[in-house]
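Following: one structure in structure tokens, then a few remarks.
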Amino acid sequence: MNMAELKQIQFTRETNIELERISKLSGLEREKIIAKAVYYYLNVIKQDIELKEEFEELDKLSDEALDNFEAKL
């Protein structure tokens with residue numbers, strides 16, 4: 001890993017305790033747990049963005065359909 005890619009993240013005491021607990025239970029290193037959590041969260045955000053974009057597109061299509069309907073009246 002390139003040193004420019006490394007970032008320091010500080011966690012609260014409670015988060016550190018939970019990370020240690022999960023690490024012991026799962027047998028995974030803290031870094032793996034954090035990487036998995038970040039990856040999961042980024043995917044959730046991506047899905048939220050995609051859903052929002054889909055709703056916006058459907059809203060535009062709905063407006064266009066309504067305009068076409070009203071024009072035919």
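Of all the residues in the range 21-49, those that are among the basic types (K, R), within 20 Å of Q10 (Cβ to Cβ) and either touching a helix residue (DSSP H, G or I) at 6+ places or on another chain (Cβ under 7 Å) or exposed (fewer than 10 other Cβ atoms within 10 Å of the Cβ) (or both) number 1. Among the residues of the range 33-73, those identified as aliphatic (A, V, I, L, M) and either at pLDDT 95 or above or under 21 Å from the mean Cα position of the chain (by Cα) (or both) are I33, I34, A35, A37, V38, L42, V44, I45, I49, L51.
The values are calculated or read from the model by the stated rules, or taken from the named source; none is laboratory data. For clarity, every value in this text was computed on a predicted model and none was experimentally measured. No Cβ is skipped: glycine too gets one built from the backbone with ideal geometry, and neighbour counts run over all protein chains shown.
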